[in-house]
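Q: Below you'll find the structure I mean.
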Amino acid sequence: MKIFSGTANEPLARAICKSINVELGQSTISPFPDGETFVKIEENVRGEDIFIIQPTSPPTNHNLMELFIMMDALRRASAARITAVMPFYGYARQDRKDQPRVPITAKLVANLLVAAGANRILTMDLHAQQIQGFFDIPVDHLYAAPVMYEYLKKKNLTNLVVVSPDAGGIKMAHAYSQTLEAELAIVAKRRKSATEVESMAVIGEIEGKNVLLVDDLTETAGTLTSAAAVLKSKGAKNIMACVSHALLNDTGIERLRKSAIDELITTDTVQRPAIDGVKITTLSVAGLLGEAIKRIHNNSSVNSLFEFKGGRTS
């Protein structure tokens, strides 16, 4: 087994390697003057079981192309099997035709990954679970919930309500509420545009309670901050947000600074610089991904990684 990393999140790749006591594979990735990517694998990979760690976080297209080129280099170097480890799967929001003449980009990316040489995919907290069905190769879909649960358990939260900031996240919120033995509530929202969200009503009892907002990803933080504002106006006490992938652009950071959210809990699936003025707790999923890589290599079951506290995360 050999593990290689693209440039999207090398610290996570090193942490994964450390967790399973494997050296990170040697490769050279550099740009040509015109912006094209050059990749050279610096060690023998013939007949090896290869894992490439590369989330497709911003710059999305660059990181995706880098992943394709690395897979092509490894395939041409006679690697036995290539697993694309994508802690964050970009383009997952474009998973259906919701208006005329638009692409289903999540499916296009799936086709491109297979064409580039992927034999297997390992990913975490997909925006839409049906994306697993876009592939004709095995997909191992992990959840960050066990890592989040361990952290939340230590906080000994009382009088807790788990809130989904939109109707699409009800299943995820329900799983958290069952695990944390908390109540469940939903914020109904209407999306005005890709960056603007209008929250409308809260379904559930909020007044005087500690609130945990759960979502799979946030970028502009529009959904989270507008939901938090509505919850605060309804009498919520403390508001925490639990988000698997915090991509956070400048708009999102500014909104969080002004928001009613007391703490944002997220993971290291995507790399981001330190942010001032917002309390962000970053939990590592390296151990979880490392264990999954080890089990895939040994052809043993990954199923038990979904189970914790006697239940399932899915």
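Q: List the residue pairs whose Cβ atoms are under 7 Å apart, where the first residue sits in region 110-125 and is farther than 30 Å from residue 242 by Cα, the second is in a strand (DSSP E or B), and the two are 6 or more positions apart or on different chains.
A: Here the result reads 117/82; 118/82; 118/84; 119/81; 119/82; 119/83, each pair linking region 110-125 to a residue that is in a strand (DSSP E or B).
Q: Moving to a separate point now. Being surrounded by 20 or more Cβ atoms within 10 Å (Cβ to Cβ) and in contact with a strand residue (DSSP E or B) (Cβ under 7 Å, 6 or more places away or on another chain) narrows it down to one residue among 71, 1; which is it?
A: Criteria check complete, one pass: 71.
Q: Same structure, new question: If the requirement is being touching a residue at least 24 places away in the same chain (Cβ under 8 Å), among the polar types (S, T, N, Q) and not assigned by TED's automatic domain parsing to the domain that holds residue 50, which of these qualifies: 158, 60?
A: 158
Q: Right, next: Please verify whether region 28-40 includes one or more residues that are assigned to a loop (DSSP other than H, G, I, E, B) and either touching a strand residue (DSSP E or B) at 6+ places or on another chain (Cβ under 9 Å) or of a type in the set (Ser, Thr, Tyr) (or both).
A: yes
Q: Also, quick follow-up: Please state which of the following conditions residue 131 fails to meet, knowing it meets all the rest: (1) more than 21 Å from residue 224 (Cβ to Cβ); (2) surrounded by 19 or more Cβ atoms within 10 Å (Cβ to Cβ); (3) in the same structural domain as residue 268 (by TED's automatic domain parsing).
A: Here residue 131 clears every test but (3).
Q: Suppose the filter is surrounded by 17 or more Cβ atoms within 10 Å (Cβ to Cβ) and either at pLDDT below 95 or not in a helix (DSSP H, G or I) (or both); does residue 113 pass it?
A: So residue 113 does not fit the description; no.
Q: Can you go through 220, 281, 266, 225 and tell me which one is more than 22 Å from residue 86 (Cα to Cα) and not aliphatic (A, V, I, L, M)?
A: Result of the check over 220, 281, 266, 225: 225.
Q: Let me ask you something else. Taking the stated definitions as given, is residue 98 modelled with pLDDT of 90 or more and farther than 28 Å from residue 181 by Cβ?
A: In short, no.
Q: A further question follows. Failed condition for residue 88, given (1) at negative phi; (2) aromatic (Phe, Trp, Tyr); (3) touching a helix residue (DSSP H, G or I) at 6+ places or on another chain (Cβ under 9 Å), with all others met?
A: The one condition residue 88 does not meet is (3).
Q: Now a separate question. Quick check: is even one residue across region 88-105 assigned by TED's automatic domain parsing to the domain that holds residue 131, touching a Gly at 6+ places or on another chain (Cβ under 7 Å) and not aromatic (Phe, Trp, Tyr)?
A: For region 88-105, residues assigned by TED's automatic domain parsing to the domain that holds residue 131, touching a Gly at 6+ places or on another chain (Cβ under 7 Å) and not aromatic (Phe, Trp, Tyr): absent.
The values are calculated or read from the model by the stated rules, or taken from the named source; none is laboratory data. Since the structure is predicted, the reported quantities are computational estimates derived from the model, not experimental observations. Cβ sites come from the backbone with ideal geometry, for glycine too, and all protein chains shown count toward neighbours.
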